[in-house]
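The values are calculated or read from the model by the stated rules, or taken from the named source; none is laboratory data. These numbers come from a predicted model, not from an experiment. Cβ sites come from the backbone with ideal geometry, for glycine too, and all protein chains shown count toward neighbours.
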Amino acid sequence: MATVSGDWIKKLPLDSQIEIYENIVRKDYTQVELAKIQSELKDEFSKHTEQGRRTDLEDGTSAKNFAEVKRVSDMVGGIFGESGRTVEKRVSVYKQAKENPDDYGDLLERMEESVHSAHRELKRRKDIAEREEKLKDAPELKNLILGDCLEKIEEIPDDSIHLLLTDPPYGTNTVTGARFETEKLREDWTYDGDDESVYPLLNRLFEKMKPKLVKDAHIYIFTSWKAWHRLYPIVDEFFEVKNWLVYLHYMATAGDLYRYRTAASSIMFASNGGKRPIGSHKWNFIDERGTYRKDGMAHHPAQKSISICKKLIENSTVEGETVLDPFCGSGSTLVAAEELGRNWIGIEKERRWYDVAKSRILEARN
Ligand SMILES: C[S@@+](CC[C@H](N)C(=O)[O-])C[C@H]1O[C@@H](n2cnc3c(N)ncnc32)[C@H](O)[C@@H]1O
C-alpha cells in the first residue's frame with residue numbers, strides 16, 4: 001500500500017495528484033487516521049489553489065476566502081467519497097484536539113463513533129468558552145439564575161410574580177425538524193429536552209410556583225398542538241386555562257405531499273385567579289409574520305421572538321411588575337421585559353444559553 005503523503009505525489013500537477021489519491025484510498029482508516037491524511041491533503045491542495053489565485057489576482061493578494069477553503073475541502077472529500085463539509089468537521093475536531101488536548105482531546109474518541117456528533121460537541125464547548133471569555137468582566141445579573149428551575153424556584157419570594165411567560169423544553173418530537181431552517185443550523189445546535197421527562201417536571205414546577213404568583217397573575221406557555229393535550233391537565237390542576245392563542249409566524253417549513261406546512265404555533269393562556277385585564281378587544285390570533293425572520297433563531301434552536309414576548313407582557317402587566325421565565329433559554333422573554341421596563345427573573349440550567357441570555361440582556365441595557 002502506497003502512503004498518501006508520499007512527497008513524490010506532491011510534485012505532480014494537482015489533477016494527477018487527485019487521480020492518484022483516488023486510486024490508493026483505503027476504506028478502513030480510523031477517523032483519526034483519516035483526519036490526519038485529509039488535513040495534510042488540505043494543506044497541500046491549498047498551496048496550489050492559493051498559488052492559482054495569486055497569479056489570477058492582479059494585486060497579488062493571496063485571498064484565502066471561504067469559497068477557496070470550501071473548494072479544497074470538496075476536492076479532498078471527492079477523493080474519499082464524502083462531502084467537503086464532513087472533511088472540514090473531521091479535520092477541525094482533529095486539529096483542535098491536537099492543539100488543545102485538555103479541552104478537546106476526548107473528542108477524538110467520540111469522533112470514531114460519529115464525526116458530526118464530535119464536531120457538534122466541539123462547537124458547543126468552543127461557544128461556551130468564547131462567551132465565558134467575553135463575559136469575564138461583565139456585571140452580575142442577580143435575577144438571571146443558572147440552575148435547575150425546580151430547585152431555584154424556591155429562592156423566589158411568595159406573591160412576587162405577576163406574569164409567568166415561558167417556553168418549556170418539550171423535546172424534539174414536538175418541534176418539527178423543518179423549524180431548523182438549514183441543515184447547518186440543525187447540526188450546530190445542541191438542544192436537549194424530551195417529551196417523557198418534561199410533563200412530570202412541569203407538574204412539580206407549577207405546584208412549587210403557585211405561591212410565588214400574585215393572586216391574579218397571568219400565565220402564558222408556548223406549546224404545540226402535539227403537546228396541548230398533555231399540558232392542559234397539568235396547567236388546569238393549578239391554574240385556570242382561559243384560552244388557546246395562535247400566532248402566525250410563517251416559518252419556511254418544508255411541506256410534503258402528506259402533511260400541511262406549519263405556519264402557526266400555539267400558546268396556552270391561563271390565570272392564577274382574579275380579574276387581571278388584558279386590554280380590550282384582544283383576539284386569540286397574533287400575527288407575527290416578519291418578526292421571526294428578523295429575530296430569527298440566531299441564538300437558540302427554540303428561540304421565540306422578542307416581538308411576541310413584548311405583546312404578551314404588555315397585555316398582562318404594567319411597568320414595574322415582574323415577569324418570570326423558568327426556562328429562559330437565550331433570554332427572549334427577559335430582553336422583552338427589560339425593554340418594557342418590567343422586572344424579570346430568568347432561570348436556565350445550561351451555561352451556554354445562560355451566557356447567551358446574559359449578553360443579550362446586557363446589550364439591551366446599552
Ligand atoms: C424551549 S427552550 C427556551 C427558549 C427560549 N424561549 C428562547 O427564546 O431562547 C427551553 C430551555 O429550558 C432549558 N431547561 C430545560 N430544563 C430546565 C430546567 N430543569 N431548569 C432550567 N432550565 C431548563 C433548556 O436548556 C432550554 O434552553
What pairs come out if I take residues in the range 139-151 that are farther than 19 Å from residue 198 by Cβ and pair them with residues that are at pLDDT 95 or above and outside any helix (DSSP H, G or I) whose C-beta lies under 6 Å away, six or more apart or interchain?
143/345; 144/346; 145/347
Determine if the range 53-71 includes at least one residue that is in a helix (DSSP H, G or I), at pLDDT 70 or above and either assigned by TED's automatic domain parsing to the domain that holds residue 126 or not hydrophobic (A, V, I, L, M, F, W, C) (or both).
yes
Selection count where residues are of a type in the set (Ser, Thr, Tyr) and surrounded by fewer than 19 Cβ atoms within 10 Å (Cβ to Cβ), scope the range 98-117:
2
Those residues that are within 12 Å of the ligand (Cβ to nearest atom) and β-branched (Val, Ile, Thr), I need them from the range 293-344; list them, please.
306, 308, 333, 335
Pairs, first without any contact (Cβ under 8 Å) to a residue 40 or more places away in the chain in the range 302-313, second more than 8 Å from the ligand (Cβ to nearest atom) and not in a helix (DSSP H, G or I), C-beta under 9 Å, six or more apart:
303/296; 303/297; 307/288; 307/290; 310/340; 311/247; 311/286; 311/288
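Could you check how many residues of the range 217-233 are more than 23 Å from the chain's Cα centre (by Cα) and under 14 Å from residue 165 (Cα atoms)? Working first, answer last.
Step one: list which residues in the range 217-233 are more than 23 Å from the chain's Cα centre (by Cα), which gives 217-219, 228-233.
Subset that is under 14 Å from residue 165 (Cα atoms): 217-219.
Total meeting the criteria: 3.
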Going by the structure shown, is residue 159 of a type outside the set (Gly, Ala, Ser), at positive phi, more than 14 Å from the ligand (Cβ to nearest atom) and surrounded by fewer than 16 Cβ atoms within 10 Å (Cβ to Cβ)?
yes
With the range 72-155 as the region, which helices (runs of 4 or more DSSP H) entirely inside it contain at least 1 residues that are at pLDDT below 90 and of a type outside the set (Asp, Glu)?
115-134
